[in-house]
Amino acid sequence: MELTPLRTWDDFFPGSDQFVIPQVRDLTKWNNRVVNNLFYYQTNHLVFAVTVFLILGFLSPIGMLMGMAVVSLVFLGSVWAGENKAMIKDFKTMLNDFKKQNTILFVIAMMAASYFLMFLLKGIIVFVSGITFPLLLIFTHASLRFNKNTIWVVGLKNSPMGILLEALGQKEEILQKFFEFVEEKERNQKDTCMHTAQS
């Protein structure tokens, strides 16, 4: 994996004149701006996301660890349940039998489980916020930052953003659209220079 260079703070977060509200009616230009900034500033965004995640973890370490554990267990449990459908069916049958024979104990167990889930909810919110809040800030920065730099570094396809887009199945389509946008932009700049030189 190859990382793009870490951009300077003045480049990453310059004055307010370099932050422009995107043209929301022209989704292609907005998309190209976001993709360009995500690739160009990907190392800065990665450092920023990890920093925000660690700050939230520092502010609520128990909640973060608890949320991480719960989310991991839910994910592993869903994978296990998908592979062991027969056992799940047997468990449902056993649970129905227990509910019919011990109604009061079943209600008490459900109430206890509900209180336990509410107790875990804070940790889940902290952990999910540690992931979604940095993503929201990164998307906002990529949308608002007006960046004229469209020169990409060598090895872009092996960068974290390239690998992420490939995992999402979006890389080829987005790269193709972006390269078309860059070529069109360069053609327009050359045409403008030629018209200026002729006049």
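Some points to look at:
- No other residue among 82, 130, 123 is loosely packed, with under 12 Cβ neighbours inside 10 Å, under 24 Å from residue 68 (Cα atoms) and under 37 Å from the mean Cα position of the chain (by Cα) apart from 82.
- Hey, residue 163 closer than 26 Å to residue 67 by Cα and either at pLDDT below 85 or in a helix (DSSP H, G or I) (or both) or not: no
- Scope the stretch 1-26; condition at pLDDT below 80, farther than 15 Å from residue 140 by Cα and of a type in the set (A, V, I, L, M, F, W, C); matching residues: 1, 3
- Only one of 47, 34, 20, 24 that is surrounded by 18 or more Cβ atoms within 10 Å (Cβ to Cβ), more than 30 Å from residue 117 (Cβ to Cβ) and among the aliphatic types (A, V, I, L, M): 34
- Positions within the stretch 51-68 being surrounded by 12 or more Cβ atoms within 10 Å (Cβ to Cβ) and in contact (Cβ under 8 Å) with a residue 24 or more places away in the chain, in sequence order: 52, 53, 56, 57, 60, 63, 64, 65, 66, 67, 68
- Of all residue pairs spaced 6 or more apart or on separate chains, those with beta-carbon atoms under 8 Å, a first member in the stretch 32-44 that is closer than 16 Å to residue 14 by Cα and touching a residue at least 60 places away in the same chain (Cβ under 8 Å) and a second member that is surrounded by fewer than 21 Cβ atoms within 10 Å (Cβ to Cβ) and charged (D, E, K, R) are 40/7; 41/7.
- Taking the stretch 14-28 as the range and being within 13 Å of residue 147 (Cβ to Cβ) and in contact (Cβ under 8 Å) with a residue 40 or more places away in the chain as the test, the residues that pass are 18, 19, 20, 22.
The values are calculated or read from the model by the stated rules, or taken from the named source; none is laboratory data. These figures come from a predicted structure and were not determined experimentally. Using ideal geometry, Cβ is built from the backbone for each residue, glycine included, and neighbour counts are taken over all protein chains shown.
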